[in-house]
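Coordinate-derived values only; no laboratory data. These numbers were taken from a predicted model, which means no experiment stands behind them. Neighbour counts run over all protein chains shown; Cβ positions are idealised from the backbone, glycine included.
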There are 2 protein chains.
Amino acid sequence: MTERRPRKDALRNRAAVFAAADALFARRQSPDSVTMADIATEAGVGKATLFRAFGDRTGLIRALYEARLEPIRSAVEQGPPPLGPDAEPLERVPALLDAVLCFKLDNRHLALALEQTGSGSPYSAEHYERWHTLLRTLLERIPGLPDRDFTAHALLAATRADLVEHLAGEKGLPRDTMRAQLAEFTARILGVRENSHPAQP
Amino acid sequence: MTERRPRKDALRNRAAVFAAADALFARRQSPDSVTMADIATEAGVGKATLFRAFGDRTGLIRALYEARLEPIRSAVEQGPPPLGPDAEPLERVPALLDAVLCFKLDNRHLALALEQTGSGSPYSAEHYERWHTLLRTLLERIPGLPDRDFTAHALLAATRADLVEHLAGEKGLPRDTMRAQLAEFTARILGVRENSHPAQP
DNA sequence: TACTGAAGCGGACCGCCGGTCCGTATCGTA
DNA sequence: TACGATACGGACCGGCGGTCCGCTTCAGTA
């Protein structure tokens, strides 16, 4: 029952692998052009070390993704409004979607790698479950909306990594333009009828 | 410049391959558990024949998808309202999205295979381009909407194959329930303010 | 500091899959 | 029937995710 602390070299290697994977995903265009052997080499580590630490390729990507997501997660769980728990749903929902979008804009390749990593759809990852549940809960406090469960899925679908990559990456849509469009779309769903000024914090 | 007609055996094999792939994708749960060798064997054909006819795995899946999509495509391009070109945008947009959703419900595994086939995001396929362009065009004829280009993407994102699989497949959401939810969501975007009765043709 | 067993390491190795090659069989035509 | 062109198919290849096992390094003990 006693938790054994991992050894120092294990921790050092784990960090090295994270850094290496991060760099490689950012450098290469296509996520699956990054092989496990590549990451191991870049990290100065044996391939088996990767698999021992993370199980398989999906595990590695998931772990990296969760790590990068951590700041946003804590901002949502204990930060100030409009992202934090003290905000009213009508302002928190757009803030949350904007945060997700910004994260995917900033970590395009990583998000892409996660979502299109063959085994296991994005919907089985627990971070998706978290976002969806939170979003649904917030929507439930806003009157007059369509089915909240589906609506939460549909809104999150508008921030899918490959869509972000398609618009911001390939078609060159500027970051703030896309943020504004998502905000407008969200406002429309929420029934906010005032005109035209999407937030731009 | 003269088009050479393909030989009979080539045509026969092509059809056999389609049938085999269709059956296999429907039978297995995960699309990438279906290997090219599997398809070749099931079709009673050599592996090289697959690659000669379709180029690569993606080409085969795309060709099959387009073939299955053909009825809907023609219903949209030359059928009667509400799907056909004579319908008003306010009724054609929901009809179109419903048709796409139904198609993905009926061809879940195939759609999944196409969208998560690693090379090339779904957004580079020409059938997506077609749906998106048509949808955007229709939205442009409806006043007071958010950015039409983005809205078209976002609406289509709500019918993504893996989302459909997640809701209808794993969570067991009934077909008509999901259709109604998508219809409600769409209506909300279109600004249709009348209450509560989503179509169920 | 020397000892020691356990935790961790790494690269050779495996099975599988997408994709290619080339000798052979089949088609369509005269 | 004969013959060129077209298509066939299974052996083959390179590369990837994942595993195995002999070796190294850590950290507690005296």
Checklist outcome for this item: Taking the label point 7 Å from Cα along the Cα-Cβ vector, the copy-to-copy distances for A:Ala67, listed from shortest in nm with one decimal, are 4.6
Checklist entry - What translational D, rounded to a whole number of µm²/s, comes out for the stretch B:1-55 from Stokes-Einstein when the hydrodynamic radius is the Kirkwood one over Cα pairs, at 37 °C and 0.692 mPa s? => result 276
Next on the checklist: Below 13 angstrom from the Cβ of A:Phe103, what's the summed charge of the other residues (Lys, Arg +1; Asp, Glu -1)?
Outcome noted: +2
Item to check | Listed residue pairs exceeding 31 Å between alpha carbons, taken from A:Lys104/B:Lys47; A:Lys47/A:Lys104; A:Lys47/A:Lys171 | outcome: A:Lys104/B:Lys47; A:Lys47/A:Lys171
Next on the checklist: Under the rule a/c < 1.5 gives rounded, and otherwise a/b versus b/c splits prolate from oblate, where does the stretch A:1-110 land using the Cα gyration tensor?
Outcome noted: oblate
Checklist entry - Translational D (Stokes-Einstein, µm²/s) of the protein assembly as shown at 10 °C and 1.306 mPa s when Rh comes from the Kirkwood sum over C-alpha pairs? => result 69
Next on the checklist: Could you tell me how many cubic angstrom of Cα convex hull volume chain A has per residue?
Outcome noted: 149
Checklist entry - For B:Ser124, what is the net charge nearby, where nearby means another residue's Cβ is under 10 Å from its Cβ and Lys, Arg count +1, Asp, Glu -1? => result -4
Checklist entry - Which shape class applies to the stretch A:65-104: rounded if a/c is under 1.5, otherwise prolate when a/b exceeds b/c and oblate if not, where a ≥ b ≥ c are the square roots of the Cα gyration tensor eigenvalues? => result oblate
Next on the checklist: Taking the number of other C-beta atoms within 10 Å as the exposure measure, put B:Lys47, A:Lys8, A:Lys104 in order starting with the fewest.
Outcome noted: A:Lys8, B:Lys47, A:Lys104
Checklist entry - With Cβ to Cβ distances under 10 Å as the rule, what net charge do the other residues near B:Leu139 carry (K, R +1; D, E -1)? => result 0
